[in-house]
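Input: a single structure, listed below in C-alpha coordinates.
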Amino acid sequence: SQTIHQWPATLVQPVGSPLSLECTVEGTSNPNLYWYRQAAGRGLQLLFYSVGIGQISSEVPQNLSASRPQDRQFILSSKKLLLSDSGFYLCAWRSDSNQPQHFGDGTRLSIL
Amino acid sequence: GIQVEQSPPDLILQEGANSTLRCNFSDSVNNLQWFHQNPWGQLINLFYIPSGTKQNGRLSATTVATERYSLLYISSSQTTDSGVYFCAAKTLTGANNLFFGTGTRLTVIP
(Lines give C-alpha, C1' and ligand atoms only; values in the text may rest on other atoms or scores of the structure.)
Protein backbone atom coordinates (compact mmCIF):
# COMPACT_ATOMS: atom_id res chain seq x y z
CA SER A 1 0.00 0.00 0.00
CA GLN A 2 1.03 3.60 -0.48
CA THR A 3 2.34 5.71 2.37
CA ILE A 4 3.45 9.30 2.70
CA HIS A 5 5.94 10.56 5.26
CA GLN A 6 6.74 14.10 6.26
CA TRP A 7 9.39 15.30 8.66
CA PRO A 8 9.98 16.89 10.96
CA ALA A 9 6.59 17.06 12.68
CA THR A 10 7.46 20.29 14.48
CA LEU A 11 10.14 22.87 13.79
CA VAL A 12 11.09 26.14 15.46
CA GLN A 13 13.44 28.33 13.47
CA PRO A 14 14.81 31.88 13.84
CA VAL A 15 14.08 34.54 11.25
CA GLY A 16 16.66 34.47 8.48
CA SER A 17 17.58 30.83 8.89
CA PRO A 18 17.28 28.29 6.05
CA LEU A 19 14.59 25.64 5.79
CA SER A 20 14.31 22.16 4.37
CA LEU A 21 11.18 20.05 4.77
CA GLU A 22 11.07 16.62 3.24
CA CYS A 23 8.21 14.52 1.98
CA THR A 24 8.53 10.94 0.74
CA VAL A 25 5.92 8.74 -0.87
CA GLU A 26 6.27 4.96 -0.94
CA GLY A 27 4.42 2.30 -2.85
CA THR A 28 3.58 4.20 -6.02
CA SER A 29 5.46 5.43 -9.06
CA ASN A 30 5.37 8.84 -10.72
CA PRO A 31 2.86 10.37 -8.30
CA ASN A 32 1.68 13.95 -8.50
CA LEU A 33 3.10 15.69 -5.43
CA TYR A 34 1.91 18.83 -3.67
CA TRP A 35 2.97 21.25 -0.94
CA TYR A 36 0.25 23.21 0.87
CA ARG A 37 0.39 25.72 3.68
CA GLN A 38 -2.31 26.30 6.24
CA ALA A 39 -2.28 29.47 8.31
CA ALA A 40 -3.82 29.20 11.78
CA GLY A 41 -7.59 28.78 11.61
CA ARG A 42 -7.73 28.98 7.82
CA GLY A 43 -7.96 26.78 4.74
CA LEU A 44 -5.16 25.25 2.71
CA GLN A 45 -3.21 27.20 0.14
CA LEU A 46 -1.36 25.36 -2.61
CA LEU A 47 2.30 26.38 -2.82
CA PHE A 48 3.87 23.97 -5.33
CA TYR A 49 3.05 20.85 -7.27
CA SER A 50 5.06 18.42 -9.32
CA VAL A 51 4.02 15.91 -11.97
CA GLY A 52 7.49 14.38 -12.35
CA ILE A 53 11.18 14.52 -11.43
CA GLY A 54 12.54 18.03 -11.81
CA GLN A 55 9.12 19.43 -12.78
CA ILE A 56 7.88 22.06 -10.35
CA SER A 57 4.94 24.44 -10.73
CA SER A 58 4.65 27.37 -8.35
CA GLU A 59 1.18 28.63 -7.57
CA VAL A 60 1.93 31.61 -5.37
CA PRO A 61 5.07 33.79 -5.30
CA GLN A 62 6.74 32.99 -2.00
CA ASN A 63 9.95 33.10 -0.07
CA LEU A 64 9.98 29.36 -0.68
CA SER A 65 11.10 26.94 -3.36
CA ALA A 66 10.51 23.26 -4.06
CA SER A 67 12.51 20.50 -5.65
CA ARG A 68 11.89 16.92 -6.70
CA PRO A 69 15.26 15.18 -6.91
CA GLN A 70 13.73 11.70 -6.98
CA ASP A 71 10.39 10.32 -8.12
CA ARG A 72 9.20 9.75 -4.56
CA GLN A 73 10.82 12.79 -2.88
CA PHE A 74 9.52 16.33 -2.66
CA ILE A 75 11.43 18.99 -0.75
CA LEU A 76 10.31 22.43 0.38
CA SER A 77 13.11 24.92 1.01
CA SER A 78 13.90 28.48 1.89
CA LYS A 79 17.22 30.33 2.02
CA LYS A 80 16.01 32.88 4.59
CA LEU A 81 12.84 32.39 6.58
CA LEU A 82 10.46 35.25 7.31
CA LEU A 83 8.04 35.58 10.20
CA SER A 84 5.21 35.21 7.70
CA ASP A 85 6.46 31.72 6.78
CA SER A 86 5.04 30.34 10.02
CA GLY A 87 2.27 27.84 9.51
CA PHE A 88 1.34 24.23 9.03
CA TYR A 89 2.87 22.66 5.93
CA LEU A 90 1.26 19.65 4.36
CA CYS A 91 2.53 17.39 1.62
CA ALA A 92 0.11 15.41 -0.52
CA TRP A 93 0.17 12.92 -3.36
CA ARG A 94 -2.13 11.28 -5.84
CA SER A 95 -1.58 8.79 -8.62
CA ASP A 96 -3.18 10.94 -11.32
CA SER A 97 -5.49 13.89 -11.60
CA ASN A 98 -8.67 11.79 -11.43
CA GLN A 99 -7.78 10.04 -8.21
CA PRO A 100 -8.15 11.22 -4.61
CA GLN A 101 -5.40 13.22 -2.97
CA HIS A 102 -3.80 11.87 0.20
CA PHE A 103 -2.02 13.98 2.81
CA GLY A 104 0.92 13.53 5.11
CA ASP A 105 0.69 14.41 8.79
CA GLY A 106 2.18 17.87 8.30
CA THR A 107 4.99 19.98 9.73
CA ARG A 108 4.17 22.75 12.17
CA LEU A 109 6.69 25.54 11.54
CA SER A 110 7.14 28.40 13.98
CA ILE A 111 9.43 31.31 13.15
CA LEU A 112 10.81 33.33 16.05
CA GLY B 1 -9.44 29.03 -10.13
CA ILE B 2 -12.63 27.43 -8.92
CA GLN B 3 -14.37 28.98 -5.91
CA VAL B 4 -15.32 26.58 -3.12
CA GLU B 5 -17.66 27.79 -0.41
CA GLN B 6 -18.61 25.88 2.71
CA SER B 7 -21.42 26.40 5.15
CA PRO B 8 -21.93 26.83 7.99
CA PRO B 9 -18.50 28.11 9.10
CA ASP B 10 -19.11 26.89 12.65
CA LEU B 11 -21.43 24.28 14.08
CA ILE B 12 -21.99 23.14 17.65
CA LEU B 13 -23.89 19.93 18.24
CA GLN B 14 -25.02 17.89 21.15
CA GLU B 15 -23.69 14.36 21.08
CA GLY B 16 -26.11 12.13 19.20
CA ALA B 17 -27.44 14.86 16.92
CA ASN B 18 -27.33 14.79 13.13
CA SER B 19 -25.92 17.47 10.86
CA THR B 20 -25.49 18.44 7.23
CA LEU B 21 -22.50 20.34 5.91
CA ARG B 22 -22.68 21.99 2.52
CA CYS B 23 -20.08 22.70 -0.16
CA ASN B 24 -20.83 24.86 -3.21
CA PHE B 25 -18.40 25.11 -6.10
CA SER B 26 -18.33 27.51 -9.01
CA ASP B 27 -17.30 25.27 -11.91
CA SER B 28 -17.62 21.73 -13.24
CA VAL B 29 -15.48 19.30 -11.30
CA ASN B 30 -13.94 15.89 -11.87
CA ASN B 31 -12.61 15.54 -8.35
CA LEU B 32 -14.32 16.42 -5.10
CA GLN B 33 -13.12 15.30 -1.71
CA TRP B 34 -14.24 15.73 1.88
CA PHE B 35 -11.61 15.77 4.60
CA HIS B 36 -11.70 15.86 8.38
CA GLN B 37 -8.86 17.71 10.08
CA ASN B 38 -8.46 16.45 13.61
CA PRO B 39 -7.10 18.52 16.53
CA TRP B 40 -3.57 17.33 15.73
CA GLY B 41 -3.81 18.75 12.21
CA GLN B 42 -4.03 15.47 10.35
CA LEU B 43 -6.17 15.61 7.23
CA ILE B 44 -8.18 12.44 6.99
CA ASN B 45 -9.80 11.48 3.70
CA LEU B 46 -13.52 10.95 4.20
CA PHE B 47 -14.88 10.70 0.69
CA TYR B 48 -13.74 10.96 -2.89
CA ILE B 49 -17.04 11.86 -4.50
CA PRO B 50 -17.09 13.79 -7.79
CA SER B 51 -20.69 12.63 -8.22
CA GLY B 52 -23.29 10.38 -6.63
CA THR B 53 -23.70 9.19 -3.07
CA LYS B 54 -21.42 7.24 -0.77
CA GLN B 55 -21.75 6.03 2.78
CA ASN B 56 -19.17 5.05 5.35
CA GLY B 57 -20.63 4.18 8.74
CA ARG B 58 -22.26 7.23 10.29
CA LEU B 59 -21.03 9.46 7.49
CA SER B 60 -22.42 9.84 4.02
CA ALA B 61 -21.91 12.28 1.20
CA THR B 62 -23.79 13.32 -1.91
CA THR B 63 -22.49 15.36 -4.82
CA VAL B 64 -24.86 16.80 -7.39
CA ALA B 65 -22.35 17.80 -10.02
CA THR B 66 -24.89 19.39 -12.36
CA GLU B 67 -25.98 21.76 -9.58
CA ARG B 68 -22.45 22.26 -8.28
CA TYR B 69 -22.83 21.28 -4.68
CA SER B 70 -21.95 18.51 -2.28
CA LEU B 71 -23.34 17.59 1.12
CA LEU B 72 -21.75 15.74 4.00
CA TYR B 73 -24.10 14.09 6.48
CA ILE B 74 -23.02 13.17 9.97
CA SER B 75 -25.47 11.07 11.94
CA SER B 76 -25.45 10.29 15.66
CA SER B 77 -22.49 12.62 16.16
CA GLN B 78 -19.77 11.77 18.67
CA THR B 79 -17.23 13.97 20.42
CA THR B 80 -14.53 12.42 18.25
CA ASP B 81 -16.26 13.96 15.21
CA SER B 82 -15.09 17.38 16.37
CA GLY B 83 -12.64 19.19 14.14
CA VAL B 84 -12.70 21.03 10.86
CA TYR B 85 -14.32 19.57 7.77
CA PHE B 86 -12.95 20.65 4.42
CA CYS B 87 -14.36 20.27 0.97
CA ALA B 88 -11.91 20.45 -1.94
CA ALA B 89 -12.53 20.38 -5.67
CA LYS B 90 -10.63 20.14 -8.93
CA THR B 91 -12.02 21.41 -12.22
CA LEU B 92 -12.36 19.40 -15.40
CA THR B 93 -9.93 21.74 -17.11
CA GLY B 94 -7.32 24.07 -15.75
CA ALA B 95 -5.17 23.62 -12.68
CA ASN B 96 -3.93 20.20 -11.65
CA ASN B 97 -4.73 20.69 -8.00
CA LEU B 98 -7.49 20.79 -5.43
CA PHE B 99 -9.02 24.07 -4.33
CA PHE B 100 -10.10 24.05 -0.70
CA GLY B 101 -13.02 25.69 0.98
CA THR B 102 -12.47 27.52 4.26
CA GLY B 103 -13.96 24.66 6.24
CA THR B 104 -16.70 24.02 8.77
CA ARG B 105 -15.55 23.85 12.37
CA LEU B 106 -17.64 21.25 14.17
CA THR B 107 -17.75 20.99 17.95
CA VAL B 108 -19.65 18.07 19.45
CA ILE B 109 -20.38 18.47 23.13
CA PRO B 110 -21.22 15.56 25.45
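Computed quantities for the displayed model
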{"read-out": "Residue order for A:His102, A:His5, B:His36 - accessible surface, 1.4 angstrom probe, largest first", "value": "A:His5, A:His102, B:His36"}
{"read-out": "Relative contact order [Cα under 8 Å, 6+ residues apart], region B:42-82, whole percent", "value": "27"}
{"read-out": "Label-to-label distance, nm, for residues given as B:Ser76 and B:Gln14 (7 Å Cα→Cβ offset)", "value": "1.8"}
{"read-out": "Part-to-part distance (alpha-carbon centres) for region A:1-76 and region B:40-84, which is given in Å", "value": "26"}
{"read-out": "Pairwise FRET efficiency - A:Gln45 versus A:Ser20, Cβ, R0 = 35 Å, nearest 0.05", "value": "0.95"}
{"read-out": "Alpha-carbon spread of chain A, three principal axes, descending order, Å", "value": "38, 27, 22"}
{"read-out": "Chain A, relative contact order in percent, only Cα pairs under 8 angstrom and at least six apart counted", "value": "36"}
{"read-out": "In order through region B:57-71: 3J(HN,Hα) via Karplus (6.51 cos²θ - 1.76 cosθ + 1.60), integer Hz, x for Gly, Pro", "value": "x, 7, 9, 8, 9, 9, 10, 10, 5, 5, 9, 6, 8, 9, 10"}
{"read-out": "Average beta-carbon neighbours from other chains, 10 Å sphere, peptide B:6-19", "value": "0"}
{"read-out": "Candidates A:Gly54, A:Gly43, A:Gly16: whichever shows maximal mean-square fluctuation once chain A is modelled as a Gaussian network with Cα springs under 10 Å", "value": "A:Gly43"}
{"read-out": "Accessible surface, 1.4 Å probe, highest first, among residues A:Ile75, B:Ile44, B:Ile74", "value": "B:Ile44, A:Ile75, B:Ile74"}
{"read-out": "Extended-chain gain in nm, criterion 0.36 nm per residue less alpha-carbon gap, A:Val12 and A:Gln55", "value": "12.6 nm"}
{"read-out": "Kirkwood Rh (inverse of mean 1/r, distinct Cα pairs), the protein assembly as shown, angstrom", "value": "18.0"}
{"read-out": "Eligible lysines near B:Lys54 by straight Cα distance, threshold 24 Å, same-chain separation 8 or greater", "value": "B:Lys90"}
{"read-out": "For chain B, radius of gyration divided by Kirkwood radius, i.e. Rg to Rh on alpha-carbons", "value": "0.96"}
{"read-out": "Phi-based couplings in Hz for region A:98-106 (Karplus 6.51, -1.76, 1.60; Gly and Pro marked x)", "value": "9, 10, x, 9, 10, 10, x, 7, x"}
{"read-out": "Cα-projected label distance for B:Arg105 with B:Arg22, points at 7 Å along beta-carbon direction, nm", "value": "2.1"}
{"read-out": "A:Trp93 accessible area, 1.4 Å probe, all protein chains in place, Å² to nearest 10", "value": "20"}
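The values are calculated or read from the model by the stated rules, or taken from the named source; none is laboratory data. This is a predicted model, so every value here is computed, not measured. All Cβ positions, even for glycine, are placed from backbone atoms using ideal geometry, and neighbour counts span all protein chains on display. Ligands, DNA and RNA are excluded from the accessible area calculation, which covers all protein heavy atoms including side chains. Shrake-Rupley method; radii C 1.70, N 1.55, O 1.52, S 1.80 Å.
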